[in-house]
Amino acid sequence: MAPASIEPSALAILQRTPSLLRALLADLDPAVLYRPNPEGCSIKDVVAHLHDAEDIAFVVRVRRLLAEETPFIASIDPPARFREGGYANRTLNELLDDLASQRMVHAAWVATLTPEDLARPGRHDTTGTVTPAAIIHQWAFPRPRPHWPDHGDAPGGVHARHGEHSHVLSRGRNAASPAAPLRAP
């Protein structure tokens with residue numbers, strides 16, 4: 001496989017996401033932060049998933065791709081991991097603090113990967129061939145999945161996307177288009 005690279009903006013987004021989340025969520029009413037959507041997920045639950053996915057869906061996968069020859073990468077079950085991980089017992093600030101510390105270390109590590117590292121292939125159970133570069137770009141520039149509902153009913157048309165799921169994480173409007181929802185990475 002040919003060497004790969006990371007889009008410079010991807011690394012910048014990875015570095016900024018925790019502080020952006022904290023700023024976006026800082027003034028939200030607790031009733032909004034903890035109100036579940038029709039499928040039972042609150043904004044705090046989404047932050048807990050981001051915290052959990054930081055390791056299992058991104059770092060662990062990239063490390064396996066670097067260490068193993070064409071490893072098989074299985075999908076994760078976010079609701080089960082949320083229940084088993086004790087995330088309901090953690091505060092939003094604890095989750096954001098942990099995510100910020102982990103992300104600082106992980107973004108620095110990602111910046112050290114070589115083009116050859118980034119091109120190492122593996123096999124994902126639903127998406128097929130995957131490389132560290134692809135996982136890192138998904139980490140920064142996620143694609144939504146239809147099984148996580150849109151939270152457009154939240155104040156300001158709250159929407160966000162992350163990895164294998166679509167989430168609510170932000171509030172307010174995009175400055176470029178006052179009618180468009182603000183989208184967080």
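ALA4 falls short of the stated requirement of being in a helix (DSSP H, G or I) and of a type in the set (A, V, I, L, M).
Would you mind stating whether ALA184 is modelled with pLDDT under 50 and loosely packed, with under 14 Cβ neighbours inside 10 Å? In short, no. Of all residues in segment 23-73, those being under 13 Å from the mean Cα position of the chain (by Cα), at pLDDT below 90 and over 16 Å from LEU95 (Cβ atoms) number 0.
Can you find a residue in segment 22-33 that is buried (at least 17 other Cβ atoms within 10 Å of the Cβ), part of a helix (DSSP H, G or I) and small (Gly, Ala, Ser)? Checked against the condition, which is being buried (at least 17 other Cβ atoms within 10 Å of the Cβ), part of a helix (DSSP H, G or I) and small (Gly, Ala, Ser), segment 22-33 yields no hits at all. Here segment 82-141 is the region considered, the condition is being within 24 Å of ASP45 (Cβ to Cβ) and of a type in the set (Lys, Arg), and the residue that is surrounded by the most Cβ atoms within 10 Å (Cβ to Cβ) is ARG103. Go through segment 60-72 and report how many residues are surrounded by fewer than 19 Cβ atoms within 10 Å (Cβ to Cβ) and either free of Cβ contacts under 8 Å to residues at least 60 places away in the same chain or in contact with a strand residue (DSSP E or B) (Cβ under 6 Å, 6 or more places away or on another chain) (or both). Qualifying residue count, segment 60-72: 9. Applying the set (1) among the acidic types (Asp, Glu); (2) assigned to a helix (DSSP H, G or I); (3) without any contact (Cβ under 8 Å) to a residue 24 or more places away in the chain to ASP52 leaves exactly one unmet item: (3). On the basis of being of a type outside the set (Lys, Arg), in a helix (DSSP H, G or I) and over 23 Å from ALA133 (Cα atoms), does VAL47 make the cut? Answer is yes for this residue.
The values are calculated or read from the model by the stated rules, or taken from the named source; none is laboratory data. As the structure is a prediction and not an experimental result, all values here were calculated from the model. Every residue, glycine among them, receives a Cβ derived from its backbone with ideal geometry; neighbour counts consider all protein chains shown.
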